[in-house]
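Input: a single structure, listed below in structure tokens.
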């Protein structure tokens, strides 16, 4: 109950804080535009866009985000208002028509969206300015002064940005560095708690106690993932708050990157415990080893406390006596067990060693940083410049989103002006400020935007009706709405798109005056918003006809292709760690992209298509995610073995040849199965395969095929024994190699222990790679059975047909 209460209190405080900052920024804009000096109010001619700018920047923002927003607004103004001023001055407002205005908006939108490096907020502000500049110029006609008109748009944007900065400074600044430090402290506590639970489960005397500890750690793992997302989000904001004063630098130390590295070993420990729940308590442990593990937990917790306090890396020290205990805890395994049931225990100890190295900030191997470091993106004031963005090569991946946005915005403005010249810009503005960074679920997003707009507008009209004569009280009535929309933004039903639409809808009604009867304005804006969203949906259907379900299936096949390359990169005979890491990163990106497509396909309307089998795809996504982790652990084990191989002398090559022979059998078994998955998922349908075989008059005899993966598809005891025999052979050869190495002194014992853990960890990864591949096989069969309910699915038969057709 206390944990649930604390979680609810944290959600409330977060939403209230966000609502307060938003309300303060809107109040600054409202007081300036409603009660400010006439000279200032004269230049802020478009207070509606000031409110829009506030919502785009201040939502869940820190001071760093606001300062970044100042630069983005300046960049957007130069990118949009500058060309618009030139075109209005050359053409003349009197010569503008609805057609030319729509074309000008479309061209301006293309110029804004096409550059790759421009921040999404800058694009949204620039697109909104383009709509306001051109459409209002057309509405005012000959009365428009090109220079003053564009300056008024820039001034309206500037007051919104200034209000955001002031709102995040008063009454005290909301600094990203403080938020980052707070989240790092929470993550350090989370890591320590999970580590204690995992070691408690590993050392438990019976399986019931172990399962209890594992269950207690699962919600902590979910909370840790959310904290990692928050840390990554604040890391970008901190860069805009850095001060050149030396005595303030400790405020901006970033321990988040090092804490993020601890997540992988913890996931491995959970994986090991989940794999050995039936064989608990662990048999390989004696009392001395358990004491060493407890000592290791205490020292890792000490290091995490130092990281939590943002101490410099040089101050991360461990007492000498404790360091000896850490070494002893990893020296205990001196031989490899040939029992499969012991592999998870050795893998757990391997992950403990990784956790120890990463918590101290040590590379696993001296060459690790060269192979695994990711080049950081260029940061600075001129991160995105006009020339650098346009100098890169033109690709369809950038061209199509820009063309879609320009066409959607042009059509929205055209039809909005046809419906109502006076309110025509309300059809283009929602499309402009809701530009997405990537492909999104079109119908779901449009639905929540429409609902949010209606909710906010209706609330605004109701507020005007209740407080018709009291403008100040009417403005104060926005405060509870800010709180409500803060919850809407964090809900699964509405999300960011629906919550932002709801808050903008109310602010535009309650935060302004002299815009006509509220009910008429509400109806006009709702209709115009519907026109804009309809144009956006229509363009998406015409230019993005491929359904998300089809993209998910194609991406699944791509994941199997990358997975096949990863499995082929596992080797002890060659220095393949760098290649394996590179393929593993590609697989991680492919699996992440698959998750996006699955999420989009899940909320995609079916129409006349088959429903999307989201449970099957989510199972496959889970198995692929586990494979990504297993491949990373395999790369770490291979890298450590490569580093230590030179200390074994000539005997290393002899045994590595035997081990690589076992690995080749494993790679052939799993790789052929993954290759079959790739071929099967590329099929349009089984009916298409049958028709192609019939048209080409190809007959296939399953008994005559020489497919290496034939036995893999048979579910029988002999095949399971074959899979186990490969692992047993690998463990036996590993044991023979380790037993030949006699450790005379303490250093040699440490080396031998490390080799034992690495070889056992690689064996664990091999065994679980096969198991996850078999789980993927079940998921593929489920998907094929879903698509072909009247057919009996036999993967081996389908594979033979594909080979007969394309080979």
Quiz item: Which whole-number value in Å³ per residue fits the convex hull of the alpha carbons of the range 54-101?
Solution: 87 Å³
Quiz item: Order of 655, 172, 459 from fewest to most other C-beta atoms within 10 Å?
Solution: 172, 655, 459
Quiz prompt | Förster radius 56 Å - calculated FRET efficiency between residue 803 and residue 38 (Cβ-Cβ, nearest 0.05) | solution = 0.10
Self-check item: Relative exposure of 12, 240, judged by other C-beta atoms within 10 Å (fewest first)
Solution: 12, 240
Self-check item: Theoretical gain in end-to-end length, residue 103 to residue 593 [0.36 nm per residue, Cα-Cα removed]
Solution: 173.0 nm
Self-check item: Residues 65, 724, sorted so that the one with the fewest Cβ neighbours within 10 Å comes first
Solution: 724, 65
Quiz item: So how much slack lies between residue 786 and residue 550, counting 0.36 nm per residue of separation and subtracting their Cα-Cα distance, in nm?
Solution: 83.5 nm
Quiz item: Computed FRET efficiency, Cβ-Cβ of residue 74 and residue 523, R0 60 Å: what is it to the nearest 0.05?
Solution: 0.95
Quiz item: How far apart, in nm, are the 7 Å Cα→Cβ label points at residue 603 and residue 739?
Solution: 5.9 nm
Exercise. Using the 2.2 N^0.38 Å rule of thumb for compact globular proteins, work out how the range 89-221 stacks up: its C-alpha Rg over that value, please.
Key: 1.98
Quiz item: Any idea what the alpha-carbon Rg over 2.2 N^0.38 Å comes to for the range 1-81?
Solution: 1.43
Self-check item: Kirkwood estimate for the range 434-560, i.e. one over the average of 1/r between Cα atoms, Å
Solution: 16.2 Å
Practice problem: Mind giving me the nanometre distance, one decimal, between the label points for residue 182 and residue 166, set 7 Å out from Cα along Cα→Cβ? | Solution: 2.4 nm
Self-check item: Inter-probe distance in nm under a simple model that places probes 7 Å from Cα toward Cβ, at residue 31 and residue 582
Solution: 5.9 nm
Quiz item: With Rg and the Kirkwood Rh both taken from Cα atoms, where does Rg over Rh land for the range 552-639?
Solution: 1.10
Exercise. Using 0.36 nm per residue of separation minus the Cα-Cα distance, give me the extension gain between residue 654 and residue 14 in nm, one decimal.
Key: 224.3 nm
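Values in this text are rule-based calculations from the coordinates and carry no lab data. Here the structure is a predicted model, which means the values were calculated and not measured. Cβ: placed from backbone, ideal geometry, glycine included. Neighbour counts: every protein chain shown.
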